[in-house]
Structures are given as structure tokens and as C-alpha cells.
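Right, one structure below, let's go through it.
The values are calculated or read from the model by the stated rules, or taken from the named source; none is laboratory data. These numbers were taken from a predicted model, which means no experiment stands behind them. Virtual Cβ from ideal backbone geometry, glycine too; neighbours counted across all protein chains shown. The area values use the complete protein model at the heavy-atom level, side chains included, leaving out ligands, DNA and RNA. Shrake-Rupley method; radii C 1.70, N 1.55, O 1.52, S 1.80 Å.
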Amino acid sequence: MTLHAQAGLLPADPERIARAAELLRRGGVVAFPTETVYGLGADARNVDAVRRVFAIKGRPAHHPLIVHLAGADWLDGWARAVPDGARELASAFWPGPLTLVLPRQSRVPDAVTGGQDSVALRVPDHPVALALIAAAGALVAPSANRFGHVSPTTAEHVQAELGGAVDMILDGGPCRVGVESTILSLLTDTPTLLRPGAVTPQAIEAVLGRPVARGGGGGVRVPGALPAHYAPSTPLALHPAADLPDRAAMLAAAGRRVLVLTLGEWIDPMPAGVQCHVLPAEADACARLLYATLRRLDAAGGDVILVQAPPAGSDWDAVRDRLTRAARAFTQPSDDETGT
Ligand code: TXA
Ligand code: MG
């Protein structure tokens, strides 16, 4: 089998999607856009292809992958028990940024679930992803970045990080949501939030009519919920807005090249030698630009990135979670505590 690498980035059209599906059916690995982040796709039933995804990412084998489906009508093929709540959530939020963890069907390979008896399932809300899955079958798709790094939200990000390692990159433009899907475990009586995302626990509770537990088990081991994760290579620290100017001035005075990232507000006056970048003060808009901005700052040659700690509101949960994990990568770097 010869799989050919794609030279430049071209928008995904029906012909390229068909070619990508053919590569996937033959065991290839194709990066594709979703509404959250770009995924590193492989046939979820092909164990060799799934192993290649782990190898390309440099991801430990016990970290399970999400299986991406073309519609809620595929649920029963991948989950052996589908509670009413799962169907209600699927009809409310799919296609969309919600992943459901359910008991797996026996056909789901151990390579996908990390040997667990559960499987994570979602239907992405992106026309390119849906066309690709409809043509190729269910796809595993971790974020298309190396293990522990910032997730990609454009095809260019994937090209820069994994370009030589994948068989094809489908370019579907910048991702609309910008942070990974909400993960909800439905394995126990109490639905449990495993990763915050654009679908909030409040929205899930409104559909289910009962409370959702925020974190803590849900009947599964949650490798992706490890403390350190989503990190740029430049050390990153979170500080309350009020502390940022002094902290930045102190580091700059000590000769460090300081990059500051605020949420909506410009630091005034800016300490000498400090570069300031501003993300939107609104949570969804901030999430959309977060990873691209971290990549840009990472390339700016600073010694440290000081980020304004997000406000307390639950609409900031997803952004706060990613930034907190990114910062922890520099305070407690240990092999088993970094993530996908
Ligand atoms: O938005 C997303 O979900 C993106 C796009 C590409 O769809 N994908 C993504 O995949 O974020 P990844 O591999 O980077 O993160 C998958 C997360 C991990 O935290 C993993 O531990 C969790 O899903 N996961 C997968 N299967 C699981 C299971 N059976 N039980 C608990 N957690 C699971
Ligand atoms: Mg990831």
C-alpha cells in the first residue's frame, strides 16, 4: 500500500474528501476539521491504523480515544447500552461539541478504549467531518497535536506540527468552537462531567432534568483529565488581572522577555520590555482564539507568557480548565501527568 503525503493545503472539496475516505479505508491517518479542534483520524475498527495515531501523537497507549460517528443512529453500533438520557442528549446536542461515555460494544477494539469497558462517542458539527465519516465509517480522532501540546484549530497548525507524519490534511478553515468537546460519562447513575467544553453542565441538566456531577470519577479512569496538558513550549503562568502589571514589570526588569495575554483589557501603562496581547473578554470568542493565540505567542520568542486568570463564571470553565492545565505543565512536569 502506498499512501502519499499531501504537499500543500487545499480546501476540502468533495473530491478530496472522497480521496481522504479512501486513504482511511486502507488504514491511513488523515487530519480533518471539526467544530472544536482538528482531529487526527483513523478507522476506529482498524487496530493498526489506531496504533499509528498513538505513534504519531506520541501518546501513551492507555489513553482512550473518542470515536466520531456520522449520526446518533450509529450509537447502538458502538455502545451496548444506550440509556434514554443519552438519546435525549444526542438529539439535543448532536451534531455538536458533546462526547458521551457509554458501555462499549464488543466490536470496539481495546486499542481505542485503552482496555476500558467504556467508549467515548460524539458526532462532530462540521460538514467536512460528517461527509468524511459518512464515507469512511466511524473514526477515532484525538486532537491533531503531539501529546501534551496545544490543540490545532487550523489546518496550518496541523501542517506545522504533524505535516510529515500524516497521509493527508483536509483543510476546513478555522474551528468555530476552538476548545475540545465537553465529555460526559453516563456510566453511573449520576451523569458526570469529565471535561468542560462548549456544552455546559447547566445545558445538559436542562435536557436531562437532573443534576450533573462536576468531575470526580463517573465510573471511569480519565486519562485526559490529567493535571498538566494543552501546553505551549514557553513557560506559562496565570495571574489575577490586578497582579499582572507588577509581575510583568518585575520579570522584565530581571531581563526576561515577557509576553502578557489579557482578557479584554490592555495593560496601561505597559511596563518597558513587555509585549501585551489581548483575547476577547467574552468566553466563547476567547475560546475560539485561545489555541491559535498560544501558538502565536509560543513562536514570539518570549521567556515567559503571563496570562490573566479567567473570571469565575461557569461560562469560562472550558477556557479556565485549559489554561490551568497549561500552567501546571510548568509547575509539576511529570511523565504521567501530562496529557493529550
Ligand atoms: O473535541 C474533541 O473532542 C476533539 C475533536 C478532534 O473531536 N478530540 C479530542 O480527543 O479532544 P482527545 O483524544 O484529544 O481527547 C479525548 C479525551 C481524553 O481526555 C480521553 O481520556 C477521553 O477523551 N476519553 C476517551 N475515551 C474515554 C473513556 N472511555 N472514558 C473516559 N474518558 C475517555
Ligand atoms: Mg487532545
Tally Lys/Arg at +1 and Asp/Glu at -1 over every other residue whose Cβ is under 12 Å from the Cβ of K57; what's the total?
+3
Please compute the modelled spin-label separation between D110 and T188, points set 7 Å along Cα→Cβ, answer in nm with one decimal.
2.6
Using a Gaussian network model on the chain with a 10 Å cutoff between Cα atoms, which of P152, P95, P60 fluctuates the most?
P60
Nearest-5 percent of antiparallel DSSP beta bridges in the chain?
35
Under the rule of -39500 (n - 2.57) per DSSP H run of 4 or more residues, summed and divided by the residues of the chain, what mean residue ellipticity at 222 nm is obtained, to the nearest 500 deg cm²/dmol?
-9000 deg cm²/dmol
Amide hydrogen neighbours beyond the local backbone of V278, cut-off 5 Å, H modeled:
T262
Expressed to one decimal in nm², the mean projection of the alpha carbon convex hull of the chain is 16.5
Which angle from 0 to 90°, rounded to the nearest 10, does the C-alpha axis of helix 14-25 make with the longest principal axis of the chain?
70
Length-normalised contact order of the stretch 236-328 in % [C-alpha pairs under 8 Å, at least 6 apart]:
38
Loop-only check: which chymotrypsin sites (Phe, Trp or Tyr not before Pro) in the stretch 264-319 are DSSP coil with at most 13 other Cβ within 10 angstrom?
W266
Between 0 and 90°, nearest 10: helix 84-93 axis offset from the chain longest Cα axis:
60
Pop a pseudo-label 7 angstrom from the Cα along the beta-carbon direction at both Q202 and M270 and give the gap in nm to one decimal.
3.5
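Rounded, prolate or oblate, given the Cα gyration tensor of the stretch 14-214, with a/c below 1.5 counting as rounded?
Working: a/c = 1.64, a/b = 1.46, b/c = 1.12.
Note, shape of the stretch 14-214 comes out prolate.
So what is the relative contact order of the chain, in percent, for Cα pairs below 8 Å that sit 6 or more residues apart?
That works out to 19 percent.
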Between A241 and D48, what is 0.36 nm times their sequence separation minus the Cα-Cα distance? Round to one decimal in nm.
64.7 nm
The answer for the stretch 117-215, accessible area per residue at 1.4 Å probe in Å², is 31
Mind checking which of P174, P64, P14 has the largest fluctuation in a GNM of the chain, springs on alpha carbons under 10 Å?
P14
Any trypsin sites (Lys or Arg not before Pro) in the stretch 101-152 that lie in a DSSP loop and have at most 14 other Cβ atoms within 10 Å would be R107
Relative to the longest principal axis of the chain, what angle (0 to 90°, nearest 10) does the C-alpha long axis of helix 244-253 take?
70
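Compute the longest continuous run of the chain that contains no exposed GluC sites (Glu not before Pro); treat a site as exposed when its DSSP state is not H, G, I, E or B and it has at most 16 other Cβ atoms within 10 Å. Please report the intermediate quantities before stating the final value.
Numbers: sites that count: E265, E282.
Answer - 1-264.
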GNM, the chain, Cα, under 10 Å: largest mean-square fluctuation among L184, L208, L102?
L208
